[in-house]
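Encoded as structure tokens, the structure appears first; notes follow it.
The values are calculated or read from the model by the stated rules, or taken from the named source; none is laboratory data. These numbers come from a predicted model, not from an experiment. Here the Cβ positions follow ideal geometry from the backbone for every residue, glycine too, while neighbour counts run over all protein chains shown. Note: areas computed on protein heavy atoms with side chains; ligands, DNA, RNA excluded. Shrake-Rupley method; radii C 1.70, N 1.55, O 1.52, S 1.80 Å.
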Amino acid sequence: WKSFKEIEPEIAKLLHGGKVIGRFTGGSEWGPRALGNRSILIRPTDKKINNQMNERLNRSEFMPFAPSVLDYRAKDYFYGYKETDVAANFMTTTYNVVEDKIKEIEAVVHVDNTARPQIVSDKYNSSFYRLLIEYERLSGIGCLINTSFNLHEEPIVEDPSDAIKALLRGAVDILALESHLIWLK
């Protein structure tokens, strides 16, 4: 394990390098979706990751992944998105993906060329926003796969011991637990 004063750039580097990160920080989200604090994060560029992760997490094939997207990039990725679309902040509405972005973020595009984004702003989750900014700086892509940090039909991780168990069971490559990165040798 290793501790960091600013962990977001470190997580972004690992994601850009293809690692699957379990993120456990701050309070748990309330509602139907993991919104960055109890999330498994993955780069969105490879459609094959869907099958690999669904198998790894014992999830059904029909469970697609969703993107977390920087607020100022949402219009670049989704037709019809408006800043007043509050539901998009909570990953509860779908949009058609802009045609020339489909290949760039193919792992979060559904078979009908839609996606169910979480639009992330600095106002609501500054740490997650900084992580996305750092990932964009490295990759040029303003979004990441965000899926709930749990195995299929298990509750979302609620305490550090749950997060460590998920790491030990192979759900993620690296655990970002508050300001610490933890991995298996």
> What label, among [x] 52; [y] 63; [z] 44, belongs to percent of Cα pairs over 21 Å apart computed from the structure on display?
Replying inline: [z]
> Based on DSSP H runs of at least 4 residues, each adding -39500 (n - 2.57), what is the mean residue ellipticity at 222 nm of the chain after dividing by all its residues, to the nearest 500 deg cm²/dmol?
Replying inline: -7000 deg cm²/dmol
> With point charges of +1 on the Cβ of Lys and Arg and -1 on the Cβ of Asp and Glu, referenced to the Cα centre of the chain, which listed residue (Thr93, Asn50, Tyr124) lies farthest in the positive direction of the dipole?
Replying inline: Asn50
> Rounded to a whole number, what % of the accessible area of the chain do carbon and sulfur atoms account for, probe 1.4 Å?
Replying inline: 52
> Short version: ³J(HN,Hα) in whole Hz for each residue of the stretch 111-121, in order, from phi by Karplus 6.51 cos²θ - 1.76 cosθ + 1.60 (θ = phi - 60°), x for Gly and Pro, what are they?
Replying inline: 4, 9, 6, 10, 8, 10, x, 10, 8, 9, 10
>> Just the number please: accessible area per residue for the stretch 19-95, 1.4 Å probe, all protein chains included, in Å².
In response: 50
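Of all DSSP beta bridges in the chain, what percent run antiparallel (nearest 5)? Mind showing how you got there, number by number?
Details: 21 of 28 bridges.
Percent antiparallel among DSSP bridges in the chain is about 75.
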>> Less than 21 Å apart at the alpha-carbon level, and either on another chain or at least 8 residues along: which lysines does that give for Lys165?
In response: Lys2, Lys19, Lys185
> Where a Cα-Cα gap under 20 Å defines reach, which lysines qualify for Lys75, not counting those fewer than 8 residues away within the same chain?
Replying inline: Lys101, Lys103, Lys123
> In nm, what is the difference between 0.36 nm times the number of residues separating Ser3 and Tyr72 and their Cα-Cα distance?
Replying inline: 21.8 nm
